[in-house]
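Input: one structure, supplied below.
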Amino acid sequence: SERRVAGQQQTGDCSRGRAEPRAPAAPAAAMATGSMLPARNQEAMAAAASGTYSYCSRPRALPTRRRYRGAPGHSEQEEEPVRYANLMYDRRVVRGNTYALHALPWTAQPDPLEIQRQREAHRKALARKRAKEQHQSRTPEPVEGRKHVDVQTELYLEELGDRIIEVDVECQTDAFLDRPPTPLFIPAKTGRDVATQIEEGELFDFDIEVKPMLEVLIGKIIEQALLEVMEEEELANLRAHQYAYEELRNAELAEVQRLEEQERRHREEKERRKNQQSQLLQKQKETSEKIAARAFAQRYLADLIPSVFSSLRDSGYFYDPVERDIEKEFIPWVMAEVDETLEKKILGRGVLDTLIREVVEKRLDAFDQPEASGQPAGQTEASHRGSVQIEALHQTETQEPEAE
Amino acid sequence: SCFLGSLSLALSESDSWGVFSEQRESIPQYRGMAHARISAKLPPDIDPTKAAIAFGERALPKLNEELQSPELLTRQRALMALCDLVHDPENVYQAIQLGFLDNLKYLLLDHDSTVREKTTEVLYIMASHNVGRDGFIKYGVIPALSQLLNDPVDICRRNMHRAFEIMAELPRGAVGIVDSSLISSLVLKLKTELDEIQELILDTLSGCLCIEAFEALATGAVSILKEKLTHPSVAIRSKAARVLLGISVPLEGKNIVWDEEVIPVLVSLLEDSDPEVRANAAGALMNATITTQGKYAALSADAIPPLLKLVDDETSKVRLNAIKALTMLSEAPEGRKTLLNHVDLFRGQLNDSSEAVSRAAKIAIKVIEWKP
């Protein structure tokens, strides 16, 4: 397989070798200067001109092609140390057989002679191939003592009676059938079989060997169990401790609160009592002041009343009701009655006066009329006397009231 | 070797198999013939549910990595192995140093119920060690645990409440629980949870109430506890009475207890058959009767005769609380009048075995015979 690989490599190199003359040009063009081709042409022309040997392409040590692409911005700058390639691993170097390499012509133009020769070679190859095909026999070679003869069976027509029944059978493996597993490779046995048997009690005595293991196991179990029991005991102790503490704490707390409460109550009670007492004192003081004030007032006002009474009496505010009654009512009534009576009297007098006047006037008239009638004069005298009397009476009566 | 196998299978029930097989690698000196090395390596299929524990120092780190694995089976096995390892406090310390608690917190919210159950169990076992409790507080495990309050699986909730209960026994842990504002949710859970879990909640609450009682009072804990006082289960009654004892320490608690008329119920509990119930009921009465209105409520509920009977009880806690309660009641004039006839009972307790009881009896006598 190694040889095959090498062969492959060679063929690969051959094929690459064909491209080899081009290869330096292309990477060269790609890589460094970028104008190799025109330079080559120039050099060729220079060679033709100068006559000295000139290279088609100047030999130079080619730097390595980069195996991996550089960073995107890297292709502009060249890395400083130029590494020279190992000739052995350069893909552009032709390897292997160089006898029949198709080398590129020196010039770009193909030589017409070359072309003709190529064409003829090509034609000859074709002809050879055709001839070979024709002469290739399809039938196998005749056995010894026999000879192949071409026979034409046209005249002897036979009916193909015993036709063998042919059936077309197809067989197709499954599309993606897995490769069957490789059969187990059991190498051939080498060596000799030898058997041995360990009898009971030869290797070890179970009962003795198991003892230490058992001790360990049971010891550990008991240790662990003890640990757990201790853990639980510890927890239980802690809980009991806590319980007792809580008991005490609750009791003490209650006691503290009770005492607080008691203190508060007592204090409030004291406050209340003090308030009460102070109120009491206050009231007492008020009362005594009241009493003192009352006594003083009483004394002060003791002789107030008589003096008041006397001053009132003096100013006439007290009256005897009979007297007042007489004054207020009786006397005005009497006066009114007197007035009335007097008025009546006056009226009477007035009337009398008019009567008298009339009488007198009539008498006067009658008197004037000379003894027109004596009787009436008599009457009129009488009446005249009456009227005179009346007048006199009236005068006296009027004088009396005037005097009064 | 089959004997060994069966023995080891039997032993796999004990929690510590993994522990000692790992940590005690001592090779004992044995007398015997062959010099085969005794290896403590377990047979490979001893407990198929547990992960293989690495040797020595690598055990916990490897388990830590396995806990974070995306595969369910690996996580479950790692948790089973961890459950066994955390019985040892050294392992707990190391585990906390390695940062197990963060992984466990993350696993608490796993979909699989076995994972959650085992995680809560691990946390509960860790909490029973002091190192574990400190770690809980430092890493804030309590709020993470509280996310499981409504978990559908009973065992998860039970383990979670167990862990809370143990945390509440430590004052700092109780502070942690109070700070995570868990009290109101716990109080509300009392109404709906199973009995076993209710006991755990009640214990947690009585631990937390030492720190702060207002939140519980605000959630209406007193009325819930009043119902629990008449529960058929003895444990729940006694624990509920204990929580009431704690709740009636601040003044608001006392007022609410009087308001909700819990005092007559407590008086009826004084004649319960279980000494714990009696003791806690007497204690609750003792705290509730500090206020004047509490005193008169107790007197009207006729608390003195049963309390007098309890003064001679066998349990010292009952005696202590009964004497204290009577001391409270004797501060009221009516109580004093009644108790003046029973002073001899207290004199009998002056030489009691428990120092607290004798002190309480002395104080009681002093209060009863006090003249204003």
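The values are calculated or read from the model by the stated rules, or taken from the named source; none is laboratory data. Quick caveat, the model's predicted, so the values are computed rather than measured. Ideal geometry is used to build each Cβ from the backbone, glycine not excepted, and the neighbour counts take in all protein chains shown. For the accessible areas, the whole protein counts, side chains as well, though only heavy atoms, and no ligand, DNA or RNA atoms are used. Shrake-Rupley method; radii C 1.70, N 1.55, O 1.52, S 1.80 Å.
Could you list, in sequence order, all residues of segment B:326-335 that are in a helix (DSSP H, G or I) and more than 8 Å from chain A (Cβ to nearest Cβ)?
Hits for segment B:326-335 are B:Leu326, B:Leu329, B:Pro333, B:Glu334, B:Gly335.
Which helices (runs of 4 or more DSSP H) does segment B:250-292 wholly contain that include 2 or more residues that are among the polar types (S, T, N, Q), within 14 Å of another protein chain (Cβ to nearest Cβ) and buried (at least 24 other Cβ atoms within 10 Å of the Cβ)?
The qualifying helices (runs of 4 or more DSSP H) are B:275-288.
Scan segment A:185-195 and give yes if some residue there is under 30 Å from B:Arg278 (Cα atoms), without any contact (Cβ under 8 Å) to a residue 12 or more places away in the chain and either assigned to a helix (DSSP H, G or I) or more than 10 Å from chain B (Cβ to nearest Cβ) (or both), otherwise no.
no
Still on this structure: Could you list all residues from segment B:146-169 that are within 20 Å of B:Glu215 (Cα to Cα) and open to solvent by less than 30 Å² (accessible area, probe 1.4 Å)?
Within segment B:146-169, B:Ser146, B:Leu149, B:His161, B:Phe164, B:Glu165, B:Met167, B:Ala168 qualify.
Looking at segment B:218-249 only, could you name the residues that are more than 16 Å from B:Ala279 (Cβ to Cβ), in a helix (DSSP H, G or I), away from chain A (no Cβ under 14 Å) and under 20 Å from the mean Cα position of the chain (by Cα)?
Hits for segment B:218-249 are B:Ala221, B:Val222, B:Ile224, B:Leu225, B:Lys228.
Still on this structure, I have one more. Every residue in segment A:251-285 that is acidic (Asp, Glu) and open to solvent by 100 Å² or more (accessible area, probe 1.4 Å), please.
Hits for segment A:251-285 are A:Glu260, A:Glu263.
Quick test of your reading of the structure: A:Asn237 fulfils all but one of (1) within 30 Å of B:Asn280 (Cα to Cα); (2) at the interface with another protein chain (Cβ under 8 Å from one of its Cβ atoms). Name the failing condition by number.
Single failed check for A:Asn237: (2).
Please give the number of the condition B:Ile304 fails out of (1) under 21 Å from B:Leu229 (Cβ atoms); (2) among the β-branched types (Val, Ile, Thr); (3) within 13 Å of another protein chain (Cβ to nearest Cβ).
Result: B:Ile304 passes all but (3).
Write out, first by first residue and then by second, each pair whose Cβ atoms fall under 7 Å of each other, whose residues are 6+ apart or on separate chains, and whose first residue, in segment B:84-100, is closer than 13 Å to B:Gly135 by Cα while the second is among the hydroxyl-bearing types (Ser, Thr, Tyr).
Between residues of segment B:84-100 that are closer than 13 Å to B:Gly135 by Cα and residues that are among the hydroxyl-bearing types (Ser, Thr, Tyr), there is no close pair.
Cβ-Cβ distance below 6 Å, separation of 6 or more or different chains: which pairs start in segment A:215-233 with a residue that is within 10 Å of another protein chain (Cβ to nearest Cβ) and end on one that is at pLDDT below 90?
As it stands, the answer is A:Val216/B:Pro28; A:Lys220/B:Phe20; A:Gln224/B:Ser16; A:Gln224/B:Phe20, since those pairs meet every condition given.
Next question, about the same structure. Among what's in segment B:102-129 and is of a type in the set (Val, Ile, Thr) and away from chain A (no Cβ under 14 Å), pick the residue that is farthest from B:Pro152 (Cα to Cα).
Per the stated criteria, the residue is B:Val122.
Continuing with the same structure: Go through (1) modelled with pLDDT of 85 or more; (2) open to solvent by 100 Å² or more (accessible area, probe 1.4 Å); (3) of a type outside the set (Lys, Arg) one by one and return the number of the condition A:Glu327 breaks.
Among (1) modelled with pLDDT of 85 or more; (2) open to solvent by 100 Å² or more (accessible area, probe 1.4 Å); (3) of a type outside the set (Lys, Arg), the lone unmet condition for A:Glu327 is (1).
Search segment B:130-149 for residues that are of a type outside the set (Val, Ile, Thr) and pair each with any residue that is open to solvent by 40 Å² or more (accessible area, probe 1.4 Å) and not in a helix (DSSP H, G or I) when their beta-carbon atoms are under 7 Å apart and the residues are at least 6 apart or on different chains.
B:Gln147/B:Leu109
Another question, then. For residues in segment A:212-236 being surrounded by fewer than 12 Cβ atoms within 10 Å (Cβ to Cβ) and under 49 Å from the mean Cα position of the chain (by Cα), which is nearest to B:Leu320 (Cα to Cα)?
A:Ala236
Related question: Taking B:Glu215 and the conditions (1) modelled with pLDDT of 85 or more; (2) in a helix (DSSP H, G or I); (3) open to solvent by 10 Å² or more (accessible area, probe 1.4 Å); (4) of a type outside the set (Lys, Arg), which numbered condition does it fall short on, given that it satisfies the others?
(1)
In contact (Cβ under 8 Å) with a residue 12 or more places away in the chain, among the β-branched types (Val, Ile, Thr) and in contact with a Leu (Cβ under 8 Å, 6 or more places away or on another chain) - does that describe any residue in segment B:353-363?
Yes: one or more hits.
B:Arg172 - would you say it is surrounded by fewer than 16 Cβ atoms within 10 Å (Cβ to Cβ), under 17 Å from the mean Cα position of the chain (by Cα), in contact (Cβ under 8 Å) with a residue 12 or more places away in the chain and away from chain A (no Cβ under 14 Å)?
yes
Quick one: which helices (runs of 4 or more DSSP H) lie wholly within segment B:113-199 and hold at least 3 residues that are among the basic types (Lys, Arg)?
Output list reads B:154-169.
So how many residues does segment B:175-195 have that are closer than 17 Å to B:Arg242 by Cβ and open to solvent by 60 Å² or more (accessible area, probe 1.4 Å)?
1
Let me ask something else about it. So B:Ala356 ticks every box in (1) within 10 Å of chain A (Cβ to nearest Cβ); (2) of a type in the set (Gly, Ala, Ser); (3) crowded, with 21+ Cβ neighbours inside 10 Å but one. Which box is left unticked?
All conditions pass for B:Ala356, except number (3).
Looking at B:Glu314, B:Glu369, B:Glu331 in this structure, which one is open to solvent by 10 Å² or more (accessible area, probe 1.4 Å) and either touching a Cys at 6+ places or on another chain (Cβ under 6 Å) or farther than 20 Å from A:Glu261 by Cβ (or both)?
B:Glu314
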